[in-house]
Amino acid sequence: MGVQPRPELRNYLIAVIAAAIATFVRVELAPELFAPVPTMPFFAAMLIAAWYGGIGPGLLATLLGAIACDWFVFAPTHAFTIENHEDQLRLIVLVILGVAISVGAETMHAGRRRAQAMRADIDERQRMADSLRRLAFDLSEEARRKDRFLATLSHELRNPLAPMRSALHVMKLAANDPAEVENARRMMERQLAQMVRLVDDLLDVSRISRDKLELRRERVTLRSVIDAAVENARPLIDRQEHRLDVVLPPEPVYLHVDPTRVAQAFSNLLNNAAKYTDRGGEIAVVARRDGDAVVVSVIDNGVGVPPDLVPVVLEMFGQADHTLDRASGGLGIGLSLAKRLVELHGGRIELHPAPGGRGTEVRVRLPIVEGEPAPSPAVAGEPAAGTSRPRRRILVADDNVDSANTLATLLGLLGHDTRVAHDGIEAVEAAEAFRPDIVLLDIGMPRLNGHDACRRIRALDWAGSVAIVAVTGWGQDQDRAFSREAGFDLHLVKPLDPTAIDGLLADLVHIKTA
C-alpha cells in the first residue's frame with residue numbers, strides 16, 4: 001500500500017492538478033469553446049483549489065493559472081509579454097478574483113474549523129458532564145454501601161456482645177450452679193469465635209485487595225478440605241436445624257491448594273446457605289469430576305438470589321436481602337471473599353438457581369492434580385503423647401490491665417510462673433528483675449512502645465536466649481515486618497487462642513535454646 005500524502009500537501013497537489021487540467025482543456029481540448037471568456041477554465045481551477053485547501057492552494061492555483069494564460073493563451077504565446085490591453089486586463093481580473101476567491105474560501109474554512117472546534121468542545125464538555133454524573137453516582141453508591149456496611153458491622157458486633165454480657169451476669173448470679181456456669185462459658189466461646197471469624201474475614205479482604213494474601217499450597221484431598229469446611233460451619237447448620245448431605249466422588253480427588261483458605265471459602269458458602277435458608281431446610285454439597293477440574297456445588301432450598309442481583313452479592317459488602325427478618329445475613333463479605341479465594345487458586349465461582357427452582361446453587365470449579373498428598377505435619381504446639389510441658393517464666397506486658405492480668409492468670413493455671421507489667425518502661429525493669437524465659441509484649445504501650453521495649457531487653461547481657469513475642473491487635477504484613485526489625489521472635493494477633501498458646505510458646509523456647 002502506497003504512502004498517503006499529508007492533508008496539506010494533498011491540497012497543494014489538487015491545486016497543481018486543477019491548474020494543469022484547466023490548461024489542457026483551454027489549450028488542447030476545446031480552445032474555441034472558451035474564446036469569449038478565455039480565462040474561464042482557470043477560474044474553475046482556482047475555485048476547486050480554494051474550496052478544498054483554502055488560501056494557500058487557492059493562491060497557488062491563481063499563480064499557475066496566470067502563468068498558463070500568459071504563456072499559452074494571450075498573444076504572443078510562449079512568451080511572458082502581452083500586447084493586447086484587453087488581455088492584460090483579463091489577466092489582472094483573473095489574479096484579483098483568484099485572490100478574492102482564496103481569501104473567501106479561507107474565511108469559510110476558518111469558520112468551519114471554529115465550528116468543529118466548538119462541536120469538539122461541546123462534546124468534550126458533554127463527556128466531562130457525563131463522567132462527573134457517573135462519578136457522582138458511583139460516590140453516592142459507595143457512600144450508601146459504606147453506610148450500610150457500617151450499620152451491618154455494628155449489628156454483627158453487637159450480636160455476640162449482647163449474649164456475652166448476659167453470660168457474665170449469669171456466671172455471677174449462678175456461681176454456685178456449675179451447669180449454668182458451664183453453659184454460659186460455652187456460649188461465650190461460641191460468640192467469641194464468631195467475632196474472631198468476623199475480624200479475620202475483614203483482614204483477609206484487606207490483604208486480598210492489596211495482593212498481600214500469602215497462599216501455602218500443598219497436595220491435599222478434596223474430602224479433607226470439605227470435612228474441614230463442614231466442621232467449621234456445623235454449629236450454625238445445627239443451630240438452624242438444617243439437614244446436610246455431602247456427596248463426593250468415590251475415588252480420591254487431589255488438589256494443590258492452601259487447604260486452610262479453600263476450606264474457609266467452602267465454609268463461607270455453607271454459612272451463607274445456612275443463614276439464607278429457613279429453619280429446618282436442606283443443604284447439599286455435591287462434587288463431581290469434570291475433565292482436569294472438580295466442580296463442587298453447594299445447594300440450598302432457601303430464599304435464593306434473583307438473577308439481576310447476582311452481580312451484587314458477588315461484590316464486596318453486597319447482599320441481596322437487607323430486610324429486618326434477614327438481619328443475620330452478615331456483612332456481605334462471605335460470598336465475595338470465597339470468590340476471591342477460589343480465583344486465587346485458579347478456579348471460579350458461579351451462582352445458579354437451585355434444581356427445582358427454589359434456593360441457590362453455588363458452583364465452585366477448581367483444578368485437580370494427580371498424585372497423592374504428602375503426610376500432614378504434626379500440629380504446631382501439640383505435645384507428643386506421654387510428654388508434659390516444663391514450667392516457664394513468662395512476663396506479660398500490656399497497658400490493658402484486664403487483658404494482661406487475664407492472660408497471666410491463664411498461663412499461671414497452665415503451670416507457668418508469670419509477672420505482669422503495664423507500660424514499656426515497667427516491662428524493661430520487670431524483665432531485668434524477673435529474668436523471664438518468654439516475654440509477651442503489647443506494641444502500643446505508654447511511656448515506651450513495645451518495639452523500643454523489645455530493643456532494650458535484647459540489649460541486656462542475659463537476654464540473648466529470651467523468646468520475645470509481640471502480642472498486638474495490629475496484624476498487617478507491615479506490622480509483622482516492624483516487629484522482626486525490632487527483634488521479636490514471633491508476632492501474634494489478639495485475641496490469642498488459649499488452646500494453642502501454651503504449646504506454641506513451649507516450642508518457641510525450644511527453638512531459642514536449641
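Every number here is computed from the coordinates shown, using simple stated rules; none is lab data. What you see is a predicted model, and the numbers here were worked out from it, not measured in a lab. We place every Cβ from the backbone using ideal geometry, glycine too, and count neighbours over all the protein chains shown.
Kindly rank 130-143, 240-253, 463-476 from highest to lowest mean number of other beta carbons found within 10 Å of each residue. Don't skip to the end; give the middle numbers.
On the way: 130-143: 10.0, 240-253: 13.4, 463-476: 18.8.
Highest mean packing first, the order is 463-476, 240-253, 130-143.
Between VAL246 and VAL285, the built amide H atoms are under 5 Å apart, and every one of these is 5 or more places off in sequence or on another chain. Taking θ as phi - 60° and the Karplus parameters 6.51, -1.76 and 1.60, the scalar couplings of segment 238-249 work out to 5, 4, 8, 6, 7, 9, 10, 10, 10, 10, 10, x Hz in sequence order, x denoting glycine and proline. Taking amide H positions as modeled 1.01 Å from N, with prolines and chain starts lacking one, the residues under 5 Å from ALA354 and 5 or more places away or on another chain are GLY359, THR360, GLU361. Across segment 7-124, the mean sequence separation of Cα contacts (distance under 8 Å, 6 or more residues apart), normalised by length, yields a relative contact order of 26 percent.
Couplings for segment 356-369, taken from phi via the Karplus curve 6.51 cos²θ - 1.76 cosθ + 1.60 with θ = phi - 60°, read x, x, 10, x, 9, 10, 9, 9, 10, 10, 10, x, 10, 10 Hz in order; Gly and Pro are left as x. Computed 3J(HN,Hα) for segment 57-69, one whole-Hz value per residue from the Karplus formula 6.51 cos²θ - 1.76 cosθ + 1.60 where θ = phi - 60°, is x, x, 5, 5, 5, 5, 4, 5, x, 5, 5, 5, 4, glycine and proline marked x. Stretching ARG112 away from GLU218 to a fully extended chain increases their span by 31.3 nm, per 0.36 nm per residue minus the current alpha-carbon distance.
Report note on the peptides 439-445, 83-89, 450-456: ranked by the mean count of other C-beta atoms within 10 Å, highest first, their order is 439-445, 450-456, 83-89.
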